[in-house]
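The values are calculated or read from the model by the stated rules, or taken from the named source; none is laboratory data. Everything numeric here is computed off the predicted structure, so don't read it as measured data. Virtual Cβ from ideal backbone geometry, glycine too; neighbours counted across all protein chains shown.
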Amino acid sequence: MDDRSEILKDEYQARFEGNEKYRDSVWKLLCSEIFSKYIKPEHSVLDLGAGWGEFTRNIQASKKYSMDLNPDCGKRVSGYSQFLHQDCSTPWPIEPDSLDVVFTSNFLEHLPDKNLIDKTLKEAYKSLKKGGLIICVGPNIQYLPGLYWDYWDHYTPITGASMAEALMLQRFSITRRTDRFLPYTMSGGGNPPLVAVAAYLRMPLFWRFFGKQFFVIGQK
């Protein structure tokens, strides 16, 4: 195991261990209430920066890929998807024009610079079918100017506007841009009841008060 993989493994253990069941339940709600509107059971989907695989395990799709440098990801998505243990900015072992959706959540800000983000988005564009979607969720530094940097592995500041522009520069058309979507993090404890999470997802009016993450969709 190389140094980067070992560091990722340790970071995830430190942040999320003991909270797995709750996180998985929240992702089940996110997939059923929000993301299933864009991802259908017959789709082919890649989970970019899949982490511990919560999205992969809970989304319904006919073919799933999970990409991450953390080797623990492979164990957690085993039986659910094909694990791609690699640097996302290098060529993907995916046939061009074969994916319906590329999904990424709380990941792109962890890449060391914008050049690597651009390379990653190029790979996503190449792999998607015409009309395919890239769904991007992540912390919006516009609403988190200080807290954004509380995570040692946050490198690249991104807003909803800059995420949309980055996608447009890679030839995607923007079909949705929500600058305030989810609260910031699930790694700090204080887990709200799942019934409250479900209510929040169904009432976008409250997103403008509590949302700290963007939700941007680009279409090929």
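Scanning segment 133-154 for residues that are surrounded by 16 or more Cβ atoms within 10 Å (Cβ to Cβ), within 14 Å of L108 (Cβ to Cβ) and not β-branched (V, I, T) turns up C136, G138, P139, N140, Y148, Y151, H154.
Pull up segment 33-43, narrow it to residues that are of a type outside the set (F, W, Y) and part of a helix (DSSP H, G or I), then point me to the one that is farthest from N191 (Cα to Cα).
Among those residues, the one meeting the criterion is K37.
Could you pull out the residue among Y12, Y65 that is modelled with pLDDT under 95 and buried (at least 16 other Cβ atoms within 10 Å of the Cβ)? The match here is Y12. Only residues that are of a type in the set (D, E, K, R), in contact (Cβ under 8 Å) with a residue 12 or more places away in the chain and out of contact with any helix residue (DSSP H, G or I) (no Cβ under 6 Å at 6 or more places or on another chain) were counted in segment 129-161, giving 2.
Residues checked against (1) of a type in the set (V, I, T); (2) touching a strand residue (DSSP E or B) at 6+ places or on another chain (Cβ under 9 Å); (3) touching a residue at least 12 places away in the same chain (Cβ under 8 Å); (4) not in a helix (DSSP H, G or I):
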{"site": "C31", "(1), (2), (3), (4)": "no, no, yes, no"}
{"site": "V45", "(1), (2), (3), (4)": "yes, yes, yes, yes"}
{"site": "W52", "(1), (2), (3), (4)": "no, no, yes, yes"}
{"site": "T56", "(1), (2), (3), (4)": "yes, yes, yes, no"}
{"site": "Q60", "(1), (2), (3), (4)": "no, no, yes, yes"}
{"site": "K64", "(1), (2), (3), (4)": "no, yes, yes, yes"}
{"site": "L69", "(1), (2), (3), (4)": "no, no, yes, yes"}
{"site": "D72", "(1), (2), (3), (4)": "no, no, yes, no"}
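Selection of strands (runs of 3 or more DSSP E) fully inside segment 74-148 by the criterion of at least 2 residues being polar (S, T, N, Q) and at pLDDT 95 or above returns 99-105. In segment 81-97, the condition of being surrounded by fewer than 24 Cβ atoms within 10 Å (Cβ to Cβ) and within 28 Å of A196 (Cβ to Cβ) is met by no residue. Only one of the numbered conditions (1) in contact with a strand residue (DSSP E or B) (Cβ under 8 Å, 6 or more places away or on another chain); (2) closer than 22 Å to S44 by Cβ is not met by T159, and that is (2). Taking the stated definitions as given, is Y200 assigned to a loop (DSSP other than H, G, I, E, B), hydroxyl-bearing (S, T, Y) and out of contact with any strand residue (DSSP E or B) (no Cβ under 6 Å at 6 or more places or on another chain)? Criteria not met by Y200.
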